[in-house]
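I have placed the structure first, in the form of structure tokens, so that the comments after it can refer back to it.
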Amino acid sequence: MTEDTPKKAGQEFEGLLEITKALRERCPWDREQSMKSLKPYIIEEAYEALEAIDEEDPGKIKEELGDLLFQIVFQAHIAAEKGLFDIADVVRSISEKMVGRHPHVFGEEPGVKTAGDVLRKWQEHKRREGKLKGSLLEGIPISLPALLRAQKVQKRASRAGFDWERTEKVFLKLAEEIDELKKALEAGELKEAVETGEKDRIEDELGDILFSMVNLARFLGVQAEEALGKTTARFIRRFGYIEKKAAEQGAALSKMGLERMNALWEEAKELESMESD
């Protein structure tokens, strides 16, 4: 950041506000939108920004952050039309929050030397602000992806001391949950549930396993959501290789056979390994 960055940013931001105002007034589609109708776009743009960050592409990151910023500005513009608040209120609110929750930066507060200290103080400030009136687990959005929400819940509980002592214990818990599912299947309990359409029991057993796996990811210092996302991306790439080879051979996937597809899958893995060396 250079000395004139704030001034330049202010000028560019004013321009964006004018563009938003013009779109709202003169574009039929933008004029019809509401705060609720734009909700999916906030989520979409946030995920696209995350994807750009994972790809480590500065140009794409800049573009996607811009798209996300526009959604924030657009929401604030609609709110201003309703007399609720405007973008200045949004900026002021977050600025006051950041200053208030970082007295070790903008004031004087002892006992803040590590990242862990910062997180502990952050929670204390939130509680004083009334953000955490009851349970320590309050305030975690229900709309978060399930894996991400589970990991946040576990992390919060861990801060209160409700956690396993060692990674080995987490492995044992995961094995226990898998064993319970296997025993239920062997006893015919879940088979009957599948046949009768009683999905709740199946979801409960699988949910326990997934929750334990998220716990393991947390102990290993891995984000479960990102780990699964990367695995899914690898699957898509490798399956795409199978599709490509099938097309080159003029063969239909449905008639290729699992053995041949598995062989191509291994080829794709080998190519990825060679490219990463």
Output for the stretch 209-228, where each listed residue is touching an Asp or Glu at 6+ places or on another chain (Cβ under 7 Å) and closer than 15 Å to E165 by Cα
S212
Can we say G161 is farther than 30 Å from L258 by Cα, modelled with pLDDT under 85 and not in a helix (DSSP H, G or I)?
no
Take the stretch 196-230 and flag every residue that is among the aliphatic types (A, V, I, L, M) and either within 24 Å of E267 (Cβ to Cβ) or in a helix (DSSP H, G or I) (or both).
I202, L206, I209, L210, M213, V214, L216, A217, A224, A227, L228
Kindly indicate whether any position in the stretch 14-30 is outside any helix (DSSP H, G or I), assigned by TED's automatic domain parsing to the domain that holds L84 and free of Cβ contacts under 8 Å to residues at least 60 places away in the same chain.
yes
Contacts under 8 angstrom Cβ, first residue in the stretch 256-276 being farther than 13 Å from I242 by Cα and outside the structural domain of R234 (by TED's automatic domain parsing), partner part of a helix (DSSP H, G or I) and among the charged types (D, E, K, R), 6 or more apart:
none
Among the candidates A184, A268, A193, A233, single out the residue that is part of a helix (DSSP H, G or I) and either within 30 Å of A157 (Cα to Cα) or in contact with a strand residue (DSSP E or B) (Cβ under 9 Å, 6 or more places away or on another chain) (or both).
A184
Subset of the stretch 239-264, residues loosely packed, with under 13 Cβ neighbours inside 10 Å and more than 34 Å from the chain's Cα centre (by Cα), comes to A247, E248, Q249, G250, A252, S254, K255, G257, E259
Cβ pairs under 7 Å, 6+ apart or interchain, first in the stretch 60-75 and on the phi < 0 side of the Ramachandran plot, second of a type in the set (D, E, K, R) and part of a helix (DSSP H, G or I), ordered by first then second residue, are E64/E45; E64/E48; D67/E45; D67/E48; L68/E45; Q71/E45
Of (1) touching a residue at least 40 places away in the same chain (Cβ under 8 Å); (2) outside the structural domain of E176 (by TED's automatic domain parsing); (3) not β-branched (V, I, T), R218 satisfies every one except (2)
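The values are calculated or read from the model by the stated rules, or taken from the named source; none is laboratory data. What you are looking at is a predicted structure, and each value in this text was computed from that prediction instead of being measured. Don't worry about glycine lacking a Cβ; one is built from the backbone with ideal geometry, like all the others, and counts go over all protein chains shown.
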